[in-house]
Amino acid sequence: MGATETGKRIDYLRNKYGTISSKELNERINLRGETMKELNKLKDSGISKKKMGPAFAGVYDKQTGKYSYAINDYDGKLPDFHPLINAKYDKMPKEVIDSYTFTKGAGSHAEVIALNKALKANPDASLDNFILNVVRTGQSRVKSAGMMFPRCPHCAYLTDGSKIITEVPKNVK
């Protein structure tokens with residue numbers, strides 16, 4: 001690909017998805033790296049594949065610079081939700097609830113739990129203060145560790161308002 005073609009491609013992508021500042025790009029790169037480090041630590045801890053589940057999430061708090069991590073709750077137990085997530089959970093439309101059944105419970109997935117931890121650590125923050133990264137834990141040969149893991153409809157609804165770096169926005173220009 002020549003310089004002209006590369007320039008056209010980057011312009012196309014910026015027009016379609018918007019631009020990312022250098023700061024946000026670095027935050028995303030660092031979140032991805034930190035998420036993988038924590039996933040590897042978890043795997044090295046000896047946790048069973050069944051207990052670990054298919055997804056691992058990392059959340060970066062742009063205000064504090066801290067990270068929060070989580071796996072799906074094995075039993076489907078919901079955490080004590082931060083008021084922002086609780087309000088969304090209580091208002092989740094029936095069509096969103098009914099749209100996804102491959103779960104032990106709406107709100108029990110890694111990205112919601114990690115975001116909830118981050119919100120509890122910084123209770124006055126708004127959802128747009130957080131960047132989420134959801135990856136596969138590598139339980140299958142086809143879907144290796146670190147591959148992006150798209151959110152289910154429940155998680156997309158509950159985490160809406162935060163930045164997600166592991167999937168393409170549905171409402172692109």
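Values in this text are rule-based calculations from the coordinates and carry no lab data. Keep in mind that this is a model prediction, so the values were computed, not measured. All Cβ positions, even for glycine, are placed from backbone atoms using ideal geometry, and neighbour counts span all protein chains on display.
Table for the structure above
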item	result
Label-to-label distance, nm, for residues given as Lys77 and Ile29 (7 Å Cα→Cβ offset)	4.0 nm
Efficiency of FRET between Ala87 and Asp128 - r from beta-carbon atoms, R0 25 angstrom, step 0.05	0.95
Selection from Thr19, Thr159, Ser140 lying farthest towards where the dipole of the chain points positive, charges on Cβ	Ser140
Tensor-based shape of the chain (alpha-carbon gyration tensor, a/c under 1.5 rounded, otherwise prolate or oblate)	prolate
Label point 7 Å beyond Cα of Gln139 along Cβ direction - residues of the stretch 22-44 with amide nitrogen under 18 Å	39-44
Length-normalised contact order for the stretch 20-164 - Cα pairs under 8 Å, 6+ apart - percent	29 percent
